[in-house]
Amino acid sequence: MSINTFPVSTVVHPTVLLSVVDHYNRVAKDTDKRVVGVLLGSNMKGVVDVSNCYGVPFEEDSTNPNIWFLDHNFHENMFAMFKKINARENVVGWYSTGPKIRPADQEINELFRRYTPNPVLVIIEVQPKELGIPTKSYVTIEEVNKETSESTMRFQHIPSSIEAVEAEEICIEHLLRDVKDSSISSLTTQVTDKKISLKHLLINLQEMSHYLQLVCDGKLPANNQIIGYIQDIINLSPNLNANEISKSFAVQTNDTMSVIYLSSMIRSIIALHNLIINKTANREAERKADLINNPPPALEKPETNAFDKEKEKEKEQPSKQA
């Protein structure tokens, strides 16, 4: 492990993304502010593995972006405590919720050079609006002006990926299972996932088409490795012009659509049946409650007058003589 190795790519773990989202929700949710924190991990031959992070107090002026404050004393105390827990984790850079690079980022990056020679800036979008991974990694490189011979530092983009070890995958699966919205059906989730996948596939195909067009126009040199990958993708794609494959796809699609249609019909009928039963039970409960709260008046026995009393006595006398 060498911290001095210049970074060429970054690997971000899912636990880092969860920590950043939690930091943003606690500090800057529903605001235009961003949050900043420190990235911990290791640098293996230029591949920066970001395995942990923590937030730091940060403020910046919305009117003047060059005025900002980062509590580096808090960072030093936190890093000392993290170092006691895991001595293998070192400061590899810092993160920001951006969503883009800001004017003060260059100065903040120079501040982190005190703790690591080549800090990495990872911009993590807590509310991504585009398809793909929500991380973008940058490093600073020195650029020399040919006319004035002055050197300036600028950010350069490097590849970024998201990877997890087995323990993290299990934890993330359980977490997503707990936060799953029960009101959304599995069918709706599957359709949404397929829609997102198709959009992502379309974007990738457009990028490949644009690259090949630039190569054909002579604006970019041909890369045999990239062209080989594209050729493998084309070779692995099924030939839809064959009648047997087209028929198989049609049968499979019809069977799937039939099952989906029947499932939707059954679900609708069961929901309607439960609604009728619920309404009937509510009406019966309301009727019983009305009877308890407003009982019907009791029937009073009619009073007997003197004429009726004499008739009753006459009826009783013959029965006694007999």
At a 1.4 Å probe radius, carbon and sulfur cover how many percent of the accessible area of segment 1-55?
54 percent
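Loop by DSSP (not H, G, I, E, B), at most 15 other beta-carbon atoms within 10 Å: where is the longest site-free stretch of the chain for trypsin sites (Lys or Arg not before Pro)? Write out the running numbers ahead of the final one.
Numbers: sites that count: LYS29, LYS33, LYS45, ARG88, LYS100, ARG113, ARG114, LYS129, LYS146, LYS180, LYS219.
Free of exposed loop sites, the longest segment is 220-322.
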When only Cα pairs under 8 Å and 6 or more residues apart are kept, what is the percent relative contact order across segment 1-92?
31 percent
Which one, ALA87, ALA222, ALA289, has the greatest fluctuation when you compute a Gaussian network model over the chain with C-alpha springs under 10 angstrom?
ALA289
Would you mind computing, in nm to one decimal, how far apart the modelled labels at LEU262 and LEU175 are, each placed 7 Å from Cα along Cα→Cβ?
4.0 nm
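At 1.4 Å probe size, with every protein chain present, just tell me what the per residue accessible area of the chain comes to in Å².
Ligands and nucleic acids excluded, the result is 74 Å² per residue.
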On a 0 to 90° scale, report how tilted helix 72-85 is relative to the longest principal axis of the chain, with both axes built from alpha carbons and the result rounded to the nearest 10.
80 degrees
Relative contact order (percent) for segment 40-91, with alpha-carbon contacts under 8 angstrom and 6 or more residues of separation?
37 percent
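Kindly identify segment 89-231 as rounded, prolate or oblate by the Cα gyration tensor criterion: order the square roots of the eigenvalues as a ≥ b ≥ c, call it rounded if a/c is under 1.5, otherwise compare a/b with b/c, prolate if a/b is larger, else oblate. Intermediate values should be presented prior to the final figure.
Numbers: a/c = 2.38, a/b = 1.25, b/c = 1.90.
Oblate shape, in that a/c is at least 1.5 and b/c is the bigger or equal ratio.
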Signed unit charges on C-beta, dipole axis of the chain, positive-most listed residue CYS216, GLN252, ASN66
GLN252
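What is the magnitude of the charge dipole of the chain about its Cα centre, with +1 placed on the Cβ of each Lys and Arg, -1 on the Cβ of each Asp and Glu, and no other charges, expressed in debye to the nearest 20?
Numbers: 34 positive and 42 negative charges, 143 e Å.
That gives the chain a dipole magnitude of about 680 debye.
Would you please give the FRET efficiency between VAL251 and LYS219, computed as 1/(1 + (r/R0)^6) with r the Cβ-Cβ distance and R0 = 51 Å, to the nearest 0.05? If you can, show how the numbers build up before the last one.
Numbers: r = 45 Å, r/R0 = 0.88.
My answer for the efficiency is 0.70.
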ASN239 paired with ASP61, simple spin-label distance in nm, labels 7 Å along Cα-to-beta-carbon
7.0 nm
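The values are calculated or read from the model by the stated rules, or taken from the named source; none is laboratory data. What you are looking at is a predicted structure, and each value in this text was computed from that prediction instead of being measured. Here Cβ is always computed from backbone atoms with ideal geometry, including for glycine, and neighbour counts include all displayed protein chains. With ligands, DNA and RNA removed, areas are computed over all heavy atoms of the protein, side chains included. Shrake-Rupley method; radii C 1.70, N 1.55, O 1.52, S 1.80 Å.
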